[in-house]
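Just below is one structure, and these are the notes that go with it.
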């Protein structure tokens, strides 16, 4: 019996040991395969292997370490940090993990995290003075603290021990560049490539430096060609080569490079899109449109191309064409993901046109099929924000933020709703959470900095932007925000350097040159401003904004003939003919030649979905008091380009001048049917209902509408609210509001009239007489002036 028990125990032990040995072997096998995949940059497969490792051994520190490396590559620093910290928790002396933790702390860059990084690095180097990653982080910390020479010495020490350490060369070159020592940076990168021939990033960095000087263009080209040869399947390097050709004036080679990339892999939508974007910048919008349409015919099922065409049309303000493409997608795809995406895009366009009802229709269709659709929920929240329904905003956008805590736009909208609800602490918390969730998105830094600036915390805003720009030094939005902060701080001496940095990092961006032009204009340097606006014109796809400013400068300098000659030439270029004729019309109007100006506006209307020529022509007719002609041209405009709100406002204004108040009311009602949140239309309609309505029903309708004006700081809207209150018999409320209005805007006859009537209904005849007398003595006419005069006779 005893021997049977012993044999049973031994057998169980053998089975147990065999099972354990098998699990351990599998763990090692998964681990090695994962490392191999990491070496090959196959991160998805590597992640599967490391997950297998941790399934076998959930307390294996090295598994978490490599998971951290994968998350770091995916730029999810929060998850990366969590994995590194877990590996250190399991293995406290895990120096590689500690060094990576310090690296992330350094990247975040706040004082708290910099202090933590320094502490971690000090502990690592005490235990292992030659730990390469720790030494790199230490050098980075020195550089960030301004000790650049100390950082360089540490990097030289790393290179002496590990000549193939790519990151050391990269960091050293960036430090030399920050010291404006370009030649030393070049030498460093050249040495790095020699010692680490497969270092792609070093080659790209060196190519960028070579490309700054035409004498070394051939070297830059060779470097990028080598990178393409080393990484033939990575499209981004083809783009780098095409970009080099484009910026060095070799446009044919740039186009050929991008076309070859498509031939080699015609199933990647991004390859078509990059070529289209290149056409938009170099050949104009029409060429880009044709290229996209051609690609869509070749690849009808590649819906990314159709959505790209939509974005192009939106950029050109050709909304009807964009809507047409989206409707086609909906017909083809119905309620598939592409169909739902098309509905969201349609809702976005209608929302941009202030047609809230139409936008809501498409959003509801999406949410019916997909209640958790983030884009639809975001648009729903956006509409609620316009309608001052902050609770709906908070409810909708909280879901979006929960689903995607990295979404900067959702976080911003949620913060704005909290701010408007007097929940500033919550607003700040939302923006900080988004920043912590995704510190690699410059938008999150921008949103937080803008929040600080709005609270007049300019020092903190400036520091936030500086830290962000240290990592996103080419981000234009961050630089624009920094510019605003500098102006607010009155640090104008720092502005030129920032403007130069904008130009250096965005040499083909229209907005950069527009900003630079505005700066030169503010300094009254018209010739310099003109140079900047010419550059903006060169790189603009739509041309109107920079050309309008160029024309104004030429006219102000007495060079009208040159401006007219230039516009006449442009008028023969079909894509820009409308712009040319519109600006010619503006010149003639300024000269007092209204008939010639109107002719040009009419030419600008031909084959165009642009509302501006109709507005310009209507304004010209109004100046001649030709109300009927103004009315006719605006009706034509609305029929041709759709119910554009600026046209509708001008039309309503003419009806009011003609005393056709019912027609004016109908126009405002139409505006509000599309966008109930339009406060100006609300204000104007309320005023008409009160002054020219049909009894109590219109007064009640006016009161209901006016409630949306309650929280407005606009004194005209406050005056309307007071007037409605008075008509509803609430003289106390009306008087309270009007006291604030008149204090902010004294000597406005209609405000004085309304305040006088409020005093009258409150029983204060002396004050009523004083205010009514001031109103009738003032200049201009206003509704109720005759009534004020009659009432004065009785006081």
Query raised in the report: For labels at residue 636 and residue 573 in the simple 7 Å Cα→Cβ model, what's the distance in nm?
Result: 2.7 nm
Report summary line: Footprinting proxy, 326, 387, 95: sorted fewest to most Cβ within 10 Å, the residues are 387, 95, 326
Report task. Enter the angle in degrees (range 0 to 90, nearest 10) between the Cα long axis of helix 679-692 and the first principal axis of the Cα atoms of the chain, meaning the one along which they spread out most. Result -> 20 degrees
Query raised in the report: What whole number of Å gives the distance from the Cα centroid of the range 379-402 to the Cα centroid of the range 487-515?
Result: 35 Å
Requested in this report: Specify the angular offset, from 0 to 90 degrees and rounded to the nearest 10, of the alpha carbon long axis of helix 166-178 from the longest principal axis of the alpha carbons in the chain.
Outcome: 40 degrees
Query raised in the report: Against the longest principal axis of the chain, how steep is helix 61-73, in degrees 0 to 90 to the nearest 10, with axes from Cα atoms?
Result: 40 degrees
Query raised in the report: Suppose R0 equals 51 Å; then what is the FRET efficiency for residue 548 and residue 25 from their Cβ-Cβ distance, rounded to the nearest 0.05?
Result: 0.10
Report task. Compute the length gained on full extension between residue 144 and residue 297: take 0.36 nm times their separation in residues and subtract their Cα-Cα distance, giving the result in nm to one decimal. Result -> 49.9 nm
Query raised in the report: Can you give the FRET efficiency for residue 233 and residue 212, using 1/(1 + (r/R0)^6), R0 = 35 Å, r = Cβ-Cβ distance, to the nearest 0.05?
Result: 0.75
Query - Extension gain from residue 369 to residue 327, taking 0.36 nm per residue of separation minus the Cα-Cα distance - result: 13.4 nm
Query raised in the report: What is the distance, in nm, between label points placed 7 Å from the Cα along the Cα-to-Cβ direction at residue 680 and at residue 660?
Result: 2.1 nm
Requested in this report: Compute the relative contact order of the range 69-221 as a whole-number percentage, counting only Cα pairs closer than 8 Å that sit 6 or more residues apart in sequence.
Outcome: 11 percent
Report task. Starting from the Cα gyration tensor of the range 67-119, take the square roots of the eigenvalues, sort them a ≥ b ≥ c, and report rounded, prolate or oblate (rounded when a/c is under 1.5, otherwise prolate if a/b is larger than b/c, else oblate). Result -> oblate
Query - Global form of the range 712-795, assessed from the alpha-carbon gyration tensor, a/c cut-off 1.5 - result: oblate
Query raised in the report: When the chain is fully extended, how far beyond the present Cα-Cα distance does residue 263 get from residue 36, taking 0.36 nm per residue of separation?
Result: 78.6 nm
**Report entry** Normalised contact order of the chain, rounded percent, pairs of Cα under 8 Å and 6 or more residues apart
**Finding:** 4 percent
Query raised in the report: Can you give the calculated 222 nm mean residue ellipticity of the chain, where each DSSP H run of n ≥ 4 adds -39,500 (n - 2.57) and the sum is split over every residue, rounded to the nearest 500 deg cm²/dmol?
Result: -25500 deg cm²/dmol
Query raised in the report: Quick one: Cα centre-to-centre distance for the range 229-255 and the range 112-137, in angstrom?
Result: 39 Å
Report summary line: For the residue 304, residue 786 Cβ pair and Förster radius 51 Å, calculated FRET efficiency rounded to 0.05 is 0.20
Query raised in the report: What Kirkwood hydrodynamic radius do you get for the chain when you take the inverse of the mean 1/r over all pairs of distinct Cα atoms, in Å?
Result: 32.0 Å
**Report entry** Centroid-to-centroid separation of the range 709-786 and the range 528-557 [C-alpha atoms, Å]
**Finding:** 45 Å
Report summary line: Most exposed first, judged by fewest Cβ atoms within 10 angstrom, 345, 314 run 314, 345
Requested in this report: Counting other beta carbons within 10 Å of each Cβ, put 279, 782, 601 in order, fewest first.
Outcome: 782, 279, 601
Query raised in the report: How far is it, in nm, from the label point at residue 627 to the one at residue 290 when both lie 7 Å from their Cα along the line to the Cβ?
Result: 4.9 nm
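Values in this text are rule-based calculations from the coordinates and carry no lab data. Just so it is clear, the model here is predicted, and its values are computed rather than measured. Backbone-built Cβ (ideal geometry, glycine too); neighbour counts: all protein chains shown.
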